[in-house]
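Engineer: Got a structure here, written out as structure tokens. Questions coming.
The values are calculated or read from the model by the stated rules, or taken from the named source; none is laboratory data. Every value quoted in this text rests on a predicted model; they were computed, and no experiment measured them. Note that we place each Cβ from the backbone using ideal geometry, even for glycine, and neighbour counts take in every protein chain shown.
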Amino acid sequence: MKALPRPSSGYSETVCCAAISESGEWKRLYPVRYRHAGEAFSRWDIVNFQAIASSRDKRVESCRIVEGSIAKVGETPAKYRRQLIEPLITSSTDEATALGRSLTAIRPSSVRFVHRKKSESQVAAERQAYVRAAAQLDILDEHVDPFTPTPYHLAFSFEDVAGKHTFQCGDWETHATFWKWSKKYGAQDALARMKQKFEIDYSRDGVVFVLGTIAKRPTQWTLLGIVRLDDGPYQPSLF
């Protein structure tokens, strides 16, 4: 799962990723210079990387990535994807906190896709931050255009065993879907199609939300990824 890229004073532009290790444990990968360092990978790709302990981020799942060490080595077959995530699902973020986790997955109910248009000044400020970040390229970096911020706040309201929640959506793929569909259908039609996709199609067939805490606010959770994943009985082994 890839969060939206963030401007960084030290790395130009960085991405935080949630991953699952071979031993079935959550890992938080940061900083990943996804668009700059040839470290691009897709949601279900299998990657190798080098990491060291972070001196700042003490969350148990966090890994500080050695820049340039990420290498794609394969892809998780579709038939194994549910078996990879299902053992890590908790009933709520409260349960995840009790287990000492700062990353978790839940199966939400009563999902509602929420959007609110940003002000022109906010979009302009975000755009300028990405322009400044893009200008901080290392001499060996390949040029990339500044990241374009989404003109809407995207969020999801849902329920779990702990009650009702509304979380801002920091999932890069969800925002990428907005841009892809808005170019094809227009912004309002794109938002309507996303509402159908998440509230009707995903809720009917099965959906998982991947959630993580914020380093500076460890009790606050945010939405990192939306995964279409079948519900119902499953085989709890990869082999």
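Engineer: Taking the residues in segment 147-196 that are crowded, with 18+ Cβ neighbours inside 10 Å and among the charged types (D, E, K, R) as candidates, determine which candidate is nearest to residue 212 (Cα to Cα).
Structural biologist: 171
Engineer: Does at least one position in segment 147-162 carry a residue that is under 30 Å from residue 203 (Cα atoms) and touching an Asp or Glu at 6+ places or on another chain (Cβ under 7 Å)?
Structural biologist: yes
Engineer: Is there any pair with a first residue in segment 108-137 that is loosely packed, with under 13 Cβ neighbours inside 10 Å and a second that is of a type in the set (Gly, Ala, Ser) and in a strand (DSSP E or B) whose Cβ atoms are under 8 Å apart and which are 6 or more apart or on different chains, and what are they?
Structural biologist: 110/157; 116/155
Engineer: Considering only residues of segment 56-66 that are assigned to a loop (DSSP other than H, G, I, E, B) and touching a strand residue (DSSP E or B) at 6+ places or on another chain (Cβ under 8 Å), which is farthest from residue 22 (Cα to Cα)?
Structural biologist: So the residue we want is 57.
Engineer: A further question on this structure: Name the single residue, out of those in segment 1-51 being at pLDDT 80 or above and of a type in the set (Phe, Trp, Tyr), that is nearest to residue 88 (Cα to Cα).
Structural biologist: Residue satisfying both the conditions and the ranking: 26.
Engineer: Of the numbered conditions (1) of a type outside the set (Gly, Ala, Ser); (2) surrounded by 15 or more Cβ atoms within 10 Å (Cβ to Cβ); (3) closer than 18 Å to residue 5 by Cβ, residue 83 fails exactly one; give the number of that condition.
Structural biologist: The number of the failed condition is (3).
Engineer: Also, quick follow-up: Of everything in segment 67-79, what is in contact with a strand residue (DSSP E or B) (Cβ under 7 Å, 6 or more places away or on another chain) and exposed (fewer than 15 other Cβ atoms within 10 Å of the Cβ)? Give them in sequence order.
Structural biologist: 71, 72, 73, 74, 75
Engineer: Among the residues of segment 178-216, count how many are within 23 Å of residue 159 (Cβ to Cβ), under 21 Å from the mean Cα position of the chain (by Cα) and not hydrophobic (A, V, I, L, M, F, W, C).
Structural biologist: 11
Engineer: Where in segment 112-217 are there strands (runs of 3 or more DSSP E), lying wholly inside it, with at least 2 residues that are modelled with pLDDT of 95 or more and polar (S, T, N, Q)? Spell out how you get there, then give the answer.
Structural biologist: Details: elements: 152-160, 163-168, 207-214.
In segment 112-217, no matching strands (runs of 3 or more DSSP E) lie anywhere.
Engineer: Just the residues that are among the hydroxyl-bearing types (Ser, Thr, Tyr), out of contact with any helix residue (DSSP H, G or I) (no Cβ under 7 Å at 6 or more places or on another chain) and buried (at least 19 other Cβ atoms within 10 Å of the Cβ), please, taken from segment 93-107.
Structural biologist: Of everything in segment 93-107, those that are among the hydroxyl-bearing types (Ser, Thr, Tyr), out of contact with any helix residue (DSSP H, G or I) (no Cβ under 7 Å at 6 or more places or on another chain) and buried (at least 19 other Cβ atoms within 10 Å of the Cβ) turn out to be 93, 102.
Condition check ((1) farther than 16 Å from residue 212 by Cα; (2) touching a Gly at 6+ places or on another chain (Cβ under 6 Å); (3) surrounded by 13 or more Cβ atoms within 10 Å (Cβ to Cβ); (4) in contact (Cβ under 8 Å) with a residue 40 or more places away in the chain) across all residues:
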site	(1), (2), (3), (4)
15	no, no, yes, yes
22	yes, no, no, no
28	no, no, yes, yes
44	yes, no, yes, no
57	no, no, yes, yes
